[in-house]
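The values are calculated or read from the model by the stated rules, or taken from the named source; none is laboratory data. Owing to the predicted nature of the structure, the values given are computational and were not obtained by experimental measurement. Here the Cβ positions follow ideal geometry from the backbone for every residue, glycine too, while neighbour counts run over all protein chains shown.
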Amino acid sequence: MGPALASMPKNFAATRPVNPPGVEPKITIEQLWGGLAKKARNPKGYIPDVASVSVLEDSGDKVWSQYTIALSAKLHR
């Protein structure tokens, strides 16, 4: 990956089912939001190859972060 491509912002979004049928325990919306907020502020334990995180803005309901991915990160297809 060349330097110009490496410095371009990347975005990722995904949808996952919450409380699917037959799965216990069920989580509350407060638990779900708390987990998402924790992950947004410090994704190192959740996203492989995150080397560092800088929280640029945290207004309580919006978090803007900048992540650095480790050079050893592998591309998954």
Seminar exercise, completed: Residue pairs within 8 Å by beta carbon, gap of at least six or interchain, first lying in the range 18-37 and surrounded by 10 or more Cβ atoms within 10 Å (Cβ to Cβ), second assigned to a loop (DSSP other than H, G, I, E, B) and among the basic types (Lys, Arg), listed first then second, are Asn19/Lys26
Exercise. Which residues, taken from the range 1-52, are among the hydroxyl-bearing types (Ser, Thr, Tyr) and at pLDDT below 80?
Worked result: Ser7
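Considering each of Leu56, Leu71 in turn, give the residue that is loosely packed, with under 11 Cβ neighbours inside 10 Å, in contact with a strand residue (DSSP E or B) (Cβ under 9 Å, 6 or more places away or on another chain), assigned to a loop (DSSP other than H, G, I, E, B) and free of Cβ contacts under 8 Å to residues at least 60 places away in the same chain. Step through it out loud before you land on a result.
Details: Leu56 fails: assigned to a loop (DSSP other than H, G, I, E, B).
None of the others qualify; the one that does is Leu71.
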Problem set entry | Given (1) small (Gly, Ala, Ser); (2) out of contact with any strand residue (DSSP E or B) (no Cβ under 9 Å at 6 or more places or on another chain); (3) not in a helix (DSSP H, G or I), index of the condition Gly34 fails | (3)
